[in-house]
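Right, one structure below, let's go through it.
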Amino acid sequence: LTLSEPQPSPQNSLPTPQKYHHVLVGVTGSVAALKLPILVSELLEIPGLKVRVVTTERAKHFYNPQEIPVTLYSDTEEWQLWKGRTDPVLHIDLRRWADLMLVAPLDANTLAKIANGICDNLLTCVIRAWDMTKPLLFCPAMNTAMWEHPITAQQVEQLKDFGYTEIPCVVKRLVCGDEGRGAMAEVWTIVEKVKAILSERDLLTQS
Ligand SMILES: CC(C)(CO)[C@@H](O)C(=O)NCCC(=O)N/C=C\S
C-alpha cells in the first residue's frame, strides 16, 4: 500500500507515519450507479483514505458529477492527457496510484469485457493493466433476468479465478419492478468489505 511522507507531529519530534490508502472506484452503467455519491462519501469517512473515481460513459447517465466530491476520470480525460509520446498515460498512472480497486456497480456489459480481457475504455484499460498483487473488489448489479443468464455465473467465476473479490448482489424488488437477485450489495456492506481488506493488508505489511 502507498505510504505518504511521514508528517512531523507537533507533540514530538518523531514523525507520525500516516498510512494513506488510495482507493480507485470504478462505476459502470447499472442503475445502481445512482448510489455513487453515497458510496464515495461513506468511503471518505474511513481515516487515511483517498478516493478517485473512473467512470464509463454509460454510467454518467445515473449520477450527477457535481455530487461527487473527488476527482472523476472518464474517457475524455485519457484522450485529453495523451497527445504525444512524452505525455502520461492515464490508465497507467491510475493503476500505479491505486492500492485497491472497487468496481461498484459492475454491470453485465463490463463484467463480460473484464472476463474476456476487452479494454475499450479508461475503466477496462485500468483493470486490464491491474497489478494483481493489489486487491480488486467487484459488485455485480443487473436485472434479475440478466443475472440468471448462464453466462453470468461463468464470467463471475472467471473474475474470481483472476483473484478478484466478489461482493455478491442481493435479492430486492428492482427499480424496473422485477423481484429477485441482481441488486448491488448495500453501501454499508461494500464499505465494511473495503475496510476489512485494507486492514488485513495493513496487518500483512506490519507483521
Ligand atoms: C437501484 C437499486 C440500488 C435500488 O435499490 C437496486 O434496484 C439495484 O441495485 N439495481 C441494480 C440492478 C439493475 O441494474 N437493474 C436494472 C434493471 S431492473
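The longest part of the chain holding none of the exposed loop trypsin sites (Lys or Arg not before Pro), meaning those outside H, G, I, E and B in DSSP with at most 13 other Cβ atoms within 10 Å, is 86-207. Model label sites at Glu57 and Ser199, defined 7 Å from Cα along the beta-carbon direction, differ in position by 4.2 nm. As a test, work out the antiparallel percent of DSSP beta bridges whose residues both lie in the chain, rounded to the nearest 5. The answer is about 25 percent antiparallel.
Quick one: putting +1 on the C-beta of Lys and Arg, -1 on the C-beta of Asp and Glu, what dipole do you get for the chain around its Cα centre, in Debye to the nearest 20? Don't skip to the end; give the middle numbers.
On the way: 20 positive and 24 negative charges, 41 e Å.
Once rounded to the nearest 20, the dipole reads 200 debye.
Based on DSSP H runs of at least 4 residues, each adding -39500 (n - 2.57), what is the mean residue ellipticity at 222 nm of the chain after dividing by all its residues, to the nearest 500 deg cm²/dmol? Working shown, then result.
Details: 8 runs with 76 residues, N = 207.
Calculated mean residue ellipticity at 222 nm is -10500 deg cm²/dmol.
Prolate is the label for the chain, because a/c, from the alpha-carbon gyration tensor with a ≥ b ≥ c as root eigenvalues, is 1.5 or above and a/b exceeds b/c. Listed by Cβ neighbour count within 10 Å, with the fewest neighbours leading, Cys139, Cys176, Cys119 appear as Cys176, Cys119, Cys139. Give me, ordered by chain and number, the residues 5 or more places off Val25 or on other chains with an amide H under 5 Å from its own placed amide H. Here Arg52, Val53, Val54, Leu102 satisfy the definition. Backbone phi angles across region 70-86, fed through the Karplus curve with coefficients 6.51, -1.76 and 1.60 (θ = phi - 60°), yield HN-Hα couplings of 10, 5, 10, 9, 9, 4, 4, 4, 4, 5, 5, 6, 9, 10, x, 3, 8 Hz in residue order; Gly and Pro are listed as x.
Laboratory data are not the source of any read-out in this text; all were calculated from the coordinates shown. These numbers were taken from a predicted model, which means no experiment stands behind them. We place every Cβ from the backbone using ideal geometry, glycine too, and count neighbours over all the protein chains shown.
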